[in-house]
1. Take the residues in segment 317-357 that are of a type in the set (D, E, K, R) and farther than 25 Å from Thr488 by Cβ, then tell me which one is nearest to the ligand (Cβ to nearest atom).
2. Being crowded, with 22+ Cβ neighbours inside 10 Å and either free of Cβ contacts under 8 Å to residues at least 24 places away in the same chain or within 22 Å of Gln555 (Cα to Cα) (or both) is the filter here; which residues of segment 409-446 pass it?
3. Within segment 39-82, how many residues are under 25 Å from the mean Cα position of the chain (by Cα) and either among the basic types (Lys, Arg) or not in a helix (DSSP H, G or I) (or both)?
4. Quickly run through segment 4-14 and pick out the residues that are without any contact (Cβ under 8 Å) to a residue 60 or more places away in the chain and either outside any loop (DSSP other than H, G, I, E, B) or closer than 21 Å to Val125 by Cα (or both).
5. Return yes or no: is Ile314 more than 16 Å from the ligand (Cβ to nearest atom) and more than 27 Å from Thr412 (Cβ to Cβ)?
6. For segment 422-440, what are the residues that are within 13 Å of Gln468 (Cα to Cα), touching a strand residue (DSSP E or B) at 6+ places or on another chain (Cβ under 8 Å) and away from the ligand (no atom under 13 Å from the Cβ)?
7. So is Val410 outside the structural domain of Ala580 (by TED's automatic domain parsing), within 14 Å of the ligand (Cβ to nearest atom) and within 30 Å of Ile624 (Cα to Cα) or not?
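The values are calculated or read from the model by the stated rules, or taken from the named source; none is laboratory data. Because the structure is a prediction, the values reported are computed rather than measured. Here the Cβ positions follow ideal geometry from the backbone for every residue, glycine too, while neighbour counts run over all protein chains shown.
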Amino acid sequence: MDALQCKLEDGGVLIATMDLPGHAMNVLNDELALPLAELATRLESDAEVKALILRSAKPDFLAGADVDRLHALTTAQEAFEESMRFKAFIRRLERCGKPVVAVLNGRCLGGGLEIAMGCHWRIVVNDGKARLGLPEVKLGLLPGGGGTQRLPRLVGMQQALQWMMEGTELRAEPALAAGLVHELAADAEEALFKARAWIAQQGSKKPQQPWDAPKFRYPGGDSRSPAVAQLMSVAPSMASSKSWGNYPALTHILSSVFEGGLTDIDRALAIESRYFAACVTTPASRNLISTLWYQLNALKKGASRPAGYEPGRIRKLGVIGAGMMGAGIAHEAAAKGISVVLLDQSMEAAERGKQHSRWLLDKDVKNGRRTSEQREAQLALITPCNDYRYLDGCELVIEAVFEDRAVKAVVTKTAEAVLTPDAVFASNTSTLPITGLAEASLRPEQFIGLHFFSPVERMPLVEIICGQLTSEATLARAFDFVQQIGKTPIVVNDARGFYTSRVFATYVMEGIALLAEGVHPRAIEVAGQQAGMPMPPLALQDEVSLSLALHVLDQARSDLEAAGQAWREHPAEGALRRMAELGRIGKKAGMGFYDWSDEGRQLWPGLAELFPLAAEQPPQAELIDRMMLVQANEAARCLEEGVLRSVADANIGSILGWGFAPFQGGALQFINAMGLPAFVTRCRELSARHGERFDPAPLLVRMAERGERFEEGGPSRP
Ligand code: NAD
C-alpha cells in the first residue's frame, strides 16, 4: 500500500489520501514526504489534474515531523538543508496555479499544519477531535516547515507568536475564528463535498496565497509597523525572563518571525531554516527529544509494564476518602467513563467530593469544552456513599484517607471484607512505605501504591509503587488503569519517600540549608528559577507547608530509630523548626518564608534577623549547582538502590512529577549532559565543603571510571 494514494476524479480533481502503512498516524518521514513532493510535480505538469484535495485516511491528518530524522541531524548545515528541502514542495503546491484544498481531521500539528497552511483552502472536520498547532517548541525546536512565516501572515504576529511560543493546540472553532482555517464540516464526507464545491467556484481563476499578492499586508502589521516594533522591543526580554534563557527556541522563534516580517516569503523561509538549524543542535532540544519524546513514548508503550498479562480495563472503581485527592481521582476516572463509588466517613463528606467534580465540570461547560449533557452523564458515574457494601464489584479500590497508618489499616480491612478475591487494593499514600501498609491486608500480593499528585486533574504522572509482596499481575492491572485514565505511569520499588517525594525534597531542603548558612533568600529563589525549576525552593516549601515537611521528617526519624539506625540531621531541619515555632508554617497560615496575601507573596523581612546574612555570598552558579546536583545525585542513588527500575522512569518522573528543569531532560539526563566525570568531581568538591549528601553515588563513580553514560532515548528504543 502506498503512503499517498491518488485518485483522479472526473472533472480533474485529484484526491490525495495520506495513509502511512504500518503507522497509527501519519508522520512526515521519507515514505510520505517523497510522494508529497511528487504530488507537487504532478500538479505542476499534468494538464489533466485541475485541482487537488489533500486528506488523510487515518484518525489524524498529520501528527508532525519524523522525530527520528530530526534526532539524527548533527550539524547546523545538515539541519538547514533538511528544512529547506522539506518545505520546497509546500511552496510549489501554493504556487502551482491550481486550487489546493486540505481536509483536516484529528491532529494537524507541526509539519501537518505547515503543509495545510500551504494549501489555498482549509476545511476542518469538526467532530471534537480536531487539534491544530505548531507545538515544536515543546521539543526545543521551532517550526521549520514554513510555520514561523505562514502563521503570522495568516493570523498576525502577536497571535502567531503566542501560539508558537506556548505550543498551543487549537480546536476547530477558535482556528476558524482566528482565520487559520476557512470552513468547518460536520464529517469527512461533508468536508469533501465542501472542498469540491470550493474548487468548482474557482472556475478558471488561479488561486494565490495572500502573501503572494503584490499588496499583501500582515494582519496587525509587519515588523516595520509601530505596534509590532513595540511588541518586539520587549518580547525577547520577556521571553528570556520567563524562561531564564534556558529555552533558546523561544528567542529563535521571535527572531525568525521578526526578520521574516521584513522581507518576502521566499527569503523569509530561508531565514526560518537558519533558526531551525540553530535550534536542532542545542543541548536543550536534544535533551527534550531524548526524554520527552523517546523515553516518554517508551513508557507510554508499556516499557515498565510486566509482560505476559492480558491488558485489563477497570469498569468499576472504588475510592475511599473523598478529600482533595480522592475527589480528584474519582473525577479523572469518571471522565474516562469508569463507574466510581466515592466513599467517605459521612454522606456529607462523600457528597462534597462529588461536588468537586461538578465544580470542575461547570468550568468545562462554561468554556465550551463539554456540553451540559456530558457533564450530567459524567457526574452520574460517581456514586457518593458512606457504606462499604457499595464497593462490591469494584475491580480496583484506591484509598486516599488521612495519612495515618492506623486509619489506613482499618480502611484496608473493612474494604477487603466486601471485595471480590481478585480485586486490587491501592494506597495513595505520599510517604508511608507500601510494604508496611500491606501488612493490614489479607492479600498483600494484591496491594500496591498509586501515588497521584496534586491537583490530580492537572498532574500527568502517577508513581506506581510495588511493595515487597506486590505481584506482577497486580502491577500490570494498576499500570493499565493509570493509562486508562490518561496518565503516565512510572514504576518504582518501595522505599521511604518512594522516588519523587524523596528527590524533590532534596531540592527544597538544599534551598533552606542555603538560607540557614546566611545566603540571601532572594539569591536562593532566583537561583532555583534560573536552574529551570518551576518554583523557587522557599516558595515551594511554603506551598507544601513546613509543618508537613516536619511531620515527614519526624516520622522518618522515629521509624529509623525504631529500626536501630541513627538519624542524621539535615542542615535545613533546624531552620524549619525555628520557622514552625514562630507559627510560620507556610501559605496555608498566610506566613512562612513569605508573607502571603491575596495580592501575592513577599519574602518575609524577618528572615534577615532569623538567618543573618553571611559576610561572603557564594556566586549564583554555586547555588544552582547545589540545588541541581543534589537532586540528580539522589536520583542516581535511587537507581542504584533499586528504588528506580529504569532511566526512563527516573527522567520522566522527575519532569512530570516535580518539574525538574525539562530542558535538562530529567534528573539522570542532567548527569549525562554534564558528563559523568565532571559530575563526580563537582559532587566531591561540594561534599568536601557542604557534607556527605553530596558524596557522589557509588554507581556514578563506577560509571565515570568506565566511561559509561545513562541510556538515552532514541529511535532504537521500543
Ligand atoms: P484530605 O484530608 O483532603 O482527605 C482525606 C479524606 O479522607 C477526608 O475527606 C476524610 O473524611 C476521609 N477519611 C478519613 N478517614 C476515613 C475513613 N476511615 N473512611 C473513609 N474516609 C475517611 O487529604 P488528601 O490531601 O486528599 O490526602 C489523602 C491521601 O493522599 C493521604 O494519604 C495523603 O498523604 C495522600 N496524598 C496527598 C497529596 C496532597 O498533595 N494532598 C498528594 C499525594 C498523596
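1. So the first thing to find is which residues in segment 317-357 are of a type in the set (D, E, K, R), and the list is 332, 336, 344, 348, 351-352, 354.
With the extra rule that they be farther than 25 Å from Thr488 by Cβ, the set shrinks to 344, 348, 351-352, 354.
Numbers: Asp344: 4, Glu348: 9, Glu351: 11, Arg352: 7, Lys354: 12 Å.
Selected residue: Asp344.
2. Across segment 409-446, the qualifying residues are Val411, Thr412, Ala426, Ser427, Asn428, Thr429, Ile434, Leu437, Ala438.
3. Total satisfying the criteria: 11.
4. Across segment 4-14, the qualifying residues are Leu4, Gln5, Cys6, Lys7, Leu8, Leu14.
5. no
6. Of everything in segment 422-440, just one residue is within 13 Å of Gln468 (Cα to Cα), touching a strand residue (DSSP E or B) at 6+ places or on another chain (Cβ under 8 Å) and away from the ligand (no atom under 13 Å from the Cβ), namely Ala438.
7. Values: outside the structural domain of Ala580 (by TED's automatic domain parsing): yes; within 14 Å of the ligand (Cβ to nearest atom): yes; within 30 Å of Ile624 (Cα to Cα): no.
No; evaluated as a whole, the condition is false for this residue.
Listed here are the residues, each with its yes/no results for (1) without any contact (Cβ under 8 Å) to a residue 24 or more places away in the chain; (2) in contact with a Leu (Cβ under 6 Å, 6 or more places away or on another chain); (3) under 22 Å from Asp127 (Cα atoms).
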{"position": "Gly22", "(1), (2), (3)": "yes, no, no"}
{"position": "Leu32", "(1), (2), (3)": "no, yes, no"}
{"position": "Pro35", "(1), (2), (3)": "no, yes, no"}
{"position": "Leu39", "(1), (2), (3)": "no, no, no"}
{"position": "Arg55", "(1), (2), (3)": "no, no, yes"}
{"position": "Leu73", "(1), (2), (3)": "no, no, no"}
{"position": "Arg92", "(1), (2), (3)": "no, no, no"}
{"position": "Val103", "(1), (2), (3)": "no, no, yes"}
